[in-house]
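Contents: one structure, followed by commentary.
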Amino acid sequence: MGIIFKQSLKNTTITYLGFAIGAVNTLFLYTRFLTDEYYGLVGVILSTSAILMPLMAFGVPNTLVKYYSNFHATKSADGFLTLMILLPLIIIIPLAGVSYFANEAIGNFLARKNVIVKDYVWYIFLIGMTMAYFEIFYAWSKVHMKSVFGNFMKEVFVRVGVSVLLILLYLELIGVDFFLKALVGLYLFRTIIMKLYAFSLRRPKLQFNWPKNSNSMINYSILIILGGSTAVILLEIDRFMINQFIPIQNVAYYTVAIFIATVIAVPSRAMHQITYPMTAEILNRNDIAGLKRIYQKSSLTLFIVAGLIFILILLNLNDLYSMLPKAYRGGYFIVLLIGFTKLFDALIGNNNAILFNSDYYRALLFMGVLLAVFTILFNWLLIPVYGLNGAAFATFMAICIYNTVKLIYVKLKFNIIPFTNETIKIAGLLVLMVAIFYFVEFTFNPLINIVLKSVLITSFYVGILYRFKISEDVFGVLSGFLRRKGK
């Protein structure tokens, strides 16, 4: 786990850089340089594309990670990799035809509440397709234990491009139409670069001699589509459905609140880049003891880091919102609920990696489909009545149910849980931190207030972790850091 922690730190640095740039875009540039109507349109395009992405990817990213270790040193490797590249076309080609011939009908459906969405069906399709192939080539690099460059392309590249485009828009060097076309171009260019990098690690020879177990791999990919779609629906369907029921400007307001809460998920995203392929290898060796160790340590490490970020956000939220335009300041309840779901995601550690790489993935995938249906139903019932808060509560309920089901399933099948005595200690520490610092307020500039309060909270939190050695990995990293400073 020490290796995982150190490698995750590299990805965390890149991921937080991406989120820092994303924060500037989401909280300041989009809200000031783009009207809330067009900001909402961008949110709808990207969310709908993300919903389509797992379908277009045909489950290939997961299949690559699960099966590659069985082929990388054999003559069947080129046939396997060729199959992985071609499989998504089974969905992409028919979907392109539908988008072309039924463009008007699809546009009318998407624009039944907000007419502005009607003309952007192709934008959604193209971004969804490029997202799908990017994830495939990213998985290609991850199976070679080379995740840093892909993580940079995923977290930083497009955000930097968006920053440049928004500044050009502000300077009136480009118009909104060009901005939206260039956004599609950014995602396409990112995929091309990722493909070149993946092929530099191993360039496949086009070979149509499929592996003997290709049928089982295709079946696995089809089922993973369900799992991947479920996960994305739980995260993205709210913004899609907000567009269907209330004015599109609300998507912009919701996007800002969601982004603030999503910062909590950064450590999980970074750590999973390395734990996912390692979990697949452990399961291939049937090493249950090793699986339990990585399950519990990933859970504790992520809970420690995500918990700190969660309380930093909650305790600084007033100052943060005071820096935003007035229309964007009403998302306290959204941040709280979505923040809890991200903290729950961190608490279950590498649970997803265990399930998607085991022989028990089928049952959970179908449970996930049922939960996705519940998510759509919750949004359909709550958004028209409670607006944005209804969307947040629908997501909160769905993800809590989904994560609880996954925890129970892993316990039943592997007899392991991610929680330890240290988990309880961290939960108590987080409650203590909120109780101590909730009423601590500074009266300076909001940015200075956030910095001062964050430094104070973090110092107190890290000091307790170090003093009581609650996590071996965290204590080891802190001890190494202090030794270097001492020298």
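For the reader, a short list of remarks on this structure follows.
- In the range 311-324, the residues that are in contact (Cβ under 8 Å) with a residue 60 or more places away in the chain, over 17 Å from Ile470 (Cβ atoms) and within 22 Å of the chain's Cα centre (by Cα): Leu312, Leu314
- One residue alone among Ala289, Ala270, Ala265 is more than 21 Å from Phe374 (Cβ to Cβ) and over 20 Å from the mean Cα position of the chain (by Cα), and that residue is Ala289.
- Each residue in the range 177-212 was checked for being open to solvent by 30 Å² or more (accessible area, probe 1.4 Å), within 30 Å of Tyr38 (Cα to Cα) and either polar (S, T, N, Q) or not in a helix (DSSP H, G or I) (or both), and 0 of them qualify.
- Number of residues in the range 311-346 that are among the aliphatic types (A, V, I, L, M), within 30 Å of Ile417 (Cβ to Cβ) and open to solvent by 50 Å² or more (accessible area, probe 1.4 Å) equals 2.
- Against the test of being assigned to a helix (DSSP H, G or I), more than 23 Å from Leu27 (Cβ to Cβ), open to solvent by less than 30 Å² (accessible area, probe 1.4 Å) and among the small types (Gly, Ala, Ser), the options Ala427, Ala394, Ala435 yield a single qualifying residue, Ala394.
- In a residue-by-residue description of the range 120-129, the property of being open to solvent by less than 10 Å² (accessible area, probe 1.4 Å), in contact (Cβ under 8 Å) with a residue 12 or more places away in the chain and in contact with a Phe, Trp or Tyr (Cβ under 6 Å, 6 or more places away or on another chain) applies to at least one position.
- Test for Gly349: is it open to solvent by 20 Å² or more (accessible area, probe 1.4 Å) and not in a helix (DSSP H, G or I): no
- The range 130-168, residues that are crowded, with 22+ Cβ neighbours inside 10 Å and farther than 30 Å from Thr279 by Cβ: Val162, Leu165
- Residue within the range 72-83 that is of a type in the set (Val, Ile, Thr), at pLDDT below 90 and assigned to a helix (DSSP H, G or I) present: yes
- Residues that are modelled with pLDDT of 85 or more, open to solvent by 20 Å² or more (accessible area, probe 1.4 Å) and among the aliphatic types (A, V, I, L, M), drawn from the range 457-480: Val462, Ile464
- Taken as a whole, the range 399-419 holds no residue that is aromatic (Phe, Trp, Tyr), more than 30 Å from Ser69 (Cα to Cα) and touching a helix residue (DSSP H, G or I) at 6+ places or on another chain (Cβ under 6 Å).
- Residue list for the range 228-245, restricted to those being more than 23 Å from Phe366 (Cβ to Cβ) and open to solvent by 30 Å² or more (accessible area, probe 1.4 Å): Arg239, Phe245
- From the options Gly339, Gly387, Gly290, Gly307, residue that is modelled with pLDDT under 90 and of a type in the set (Gly, Ala, Ser): Gly290
- Odd one out for Lys453, checked against (1) at negative phi; (2) among the basic types (Lys, Arg); (3) modelled with pLDDT under 90: (3)
- Among the residues of the range 214-227, those identified as more than 16 Å from Trp140 (Cβ to Cβ), open to solvent by less than 60 Å² (accessible area, probe 1.4 Å) and of a type in the set (S, T, N, Q) are Ser214, Ser216.
- If you go through the range 77-113 and keep only what is open to solvent by 30 Å² or more (accessible area, probe 1.4 Å), touching a helix residue (DSSP H, G or I) at 6+ places or on another chain (Cβ under 8 Å) and within 21 Å of Leu41 (Cα to Cα), you end up with Asn103, Ile106, Asn108, Arg112, Lys113.
- Lone qualifier among Leu382, Leu370 - being open to solvent by less than 60 Å² (accessible area, probe 1.4 Å), assigned to a helix (DSSP H, G or I) and free of Cβ contacts under 8 Å to residues at least 24 places away in the same chain: Leu382
- Residues satisfying the stated conditions in the range 279-300, i.e. open to solvent by 10 Å² or more (accessible area, probe 1.4 Å) and without any contact (Cβ under 8 Å) to a residue 40 or more places away in the chain: Ile282, Arg285, Asn286, Asp287, Ala289
The values are calculated or read from the model by the stated rules, or taken from the named source; none is laboratory data. This structure is a prediction, so every number in the text was calculated from the model and none was measured. So basically every Cβ, Gly included, is an ideal-geometry build from the backbone, and we count neighbours across all protein chains shown. Side chains included, ligands, DNA and RNA excluded: accessible areas come from the protein's heavy atoms. Shrake-Rupley method; radii C 1.70, N 1.55, O 1.52, S 1.80 Å.
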